[in-house]
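Report on the following structure.
Throughout, read-outs are computed from the coordinates displayed, never taken from laboratory work. Note that this is a predicted model, so its numbers are computed, not measured. So basically every Cβ, Gly included, is an ideal-geometry build from the backbone, and we count neighbours across all protein chains shown.
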Amino acid sequence: MSEQNFDLVVLGAGSGGYAAALRASQLGLTVGLIEKGKVGGTCLHVGCIPTKALLHSAEVADVTRESSKYGVTASFEGIDMAAVTTYREGIVSSKYKGLQGLIKARGITTIEGAGRLTSPTTVQVGDITVTGKNVILATGSYSRSLPGLEIGGRVITSEQALELDFIPKKVAVLGGGVIGVEFSSVWKSWGADVSIIEALPHLVPNEDEAISKQFERAFRKRGINFSLGVRFQSVTQDENGVVVTLENGETIEAELLLVAVGRGPSTANLGFEEVGVTMDRGFVITNDRLETSIPGLYAVGDIVPGLQLAHRGFQQGIFVAEELAGLKPVIIEDVNIPKVTYSDPEVASVGLSEAKAAERYGADSITSYDYNLAGNGKSHIIGTSGIVKVVRVNDGPIVGVHMIGARVGELIGEAQLAVNWEAYPEDIAPLIHAHPTQNEALGEAFLALAGKPLHAM
């Protein structure tokens, strides 16, 4: 048995864990970073980065098919899955090597192995006892399923979907949230027949209803099938495919069923409850400073109830490191963290939906404006449609921005500044938005809400 001692011990080296370690090292703390897999976690290896590589491949396929409308002569010959895999793995490998180098350069000690919390200040990794003045729990999440729905064979999760070496001719997707619609978008672009099953009334159900409805119209136009407001009942499979039965009696036949019903917290059998950490359905409960029920023990990322986003993990990891250094960082509410769905079309949002704003301030106390991307020159050039919707309090600040259309995820930076800084449209209206850019669409929406629209009525 051996012992290692640090100012800070971080259990888990995914987005939240490694961000905490990097920031803590910047602030002069010694850090032990424990990881049983690869640093970077789900986001880098089986989540954000590789899935966006697939989505870019899908975008290139679609642009190639449509090249003639842009005056380019090209022919679409199909998808080379081996080449797609090489492209995807190359990106992940490059980012992984870069992260490893950064962690090493910062003087962080990486301890490989499965860690188990044994006290508020110690984590056991094999025969090594790792002790810290403070400990951060950052063990991430896993792909969930439904009760009685077993993963295996032709019933797969997003991790297995990433590794497919073929394009299914027909695929069923259980779940119309971010993961489900992103894979649906990829497969459709690659030539598959896709059917989505969503128990809630809308696809991307956590978005503003106006955005969800436009999204459904766009998917319908692309030929992506979906069943809304109906629950999954059962699935059978054989060597040829699956048959999915819904509660309304409808059946869907496909080669594969992708289960994309969300992610659960990876906290089982890690010693948290035995040490006395307050838990709820596997999640670690914290206060608003991300401290658990045990003083000095913190939790960040997907194991903390709320949005399961890599950049939320980054922010929380940085927050706790700065908290431990006495910097008193500012709390960012989940509602004010930007969200992006990288399908075709993209969806991006930050702040309150119109319905949530009406609940908080009263329906008569808010105003919203939809700017149609049909009026935006750059959007027309790249061949996209959609809207930018801004919600404000009457004579008050912007409280929500919601967008749909190609590349709108790149606009979320200004949107989150407007919402988080509680800017008034009148504050932003004098500022210049470069022409022609899609960013102008935000500027036009702000101008309209300030009472002086330029390219809109």
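Each pair of Cα atoms in region 345-449 enters the Kirkwood radius, and Stokes-Einstein at 10 °C and 1.306 mPa s then converts it into a translational diffusion coefficient of 118 µm²/s.
Here the translational diffusion coefficient of region 155-261 follows from Stokes-Einstein with Rh set to the Kirkwood radius across Cα pairs; for 20 °C and 1.002 mPa s it amounts to 156 µm²/s. Among residues other than GLY32 whose Cβ falls under 12 Å from its Cβ, what is the net charge (Lys/Arg +1, Asp/Glu -1)? After counting each charged neighbour, the total is -3. On the principal axes of its alpha carbon atoms, the chain extends 68, 61, 45 Å, with the longest extent given first. Relative to its residue count, region 1-107 spans a Cα convex hull of 127 Å³ per residue. Region 357-412: Rg/Rh from Cα coordinates, Kirkwood Rh? Ratio of gyration radius to Kirkwood radius: 1.08.
Hey, which of these cross-link pairs are over 27 Å Cα-Cα: LYS52/LYS169; LYS36/LYS133; LYS52/LYS389? Checking Cα-Cα distances, every pair stays at or under 27 Å.
Could you let me know the centre-to-centre spacing of region 300-317 and region 380-400, using Cα atoms, in angstrom? So the separation of the two Cα centres works out to 26 Å. Look at where the Cα atoms of region 104-183 and of region 184-235 average out, and the two centres are 25 Å apart. The ranking of SER365, SER343 by Cβ neighbour count inside 10 Å, starting from the fewest, reads SER365, SER343. The sum of -39500 (n - 2.57) across all DSSP H runs of n ≥ 4, divided by the residue count of the chain, sets its helix-only mean residue ellipticity at 222 nm to -10000 deg cm²/dmol. Over all other residues within a Cβ to Cβ distance under 12 Å of PRO425, the charged ones net out to -3, with Lys and Arg as +1 and Asp and Glu as -1. Taking other residues whose beta carbon is less than 13 angstrom from the beta carbon of GLN438, and scoring Lys, Arg as +1 and Asp, Glu as -1, yields -3.
Taking max minus min of the alpha-carbon positions on each principal axis, region 105-187 gives extents of 53, 37, 23 Å, largest first.
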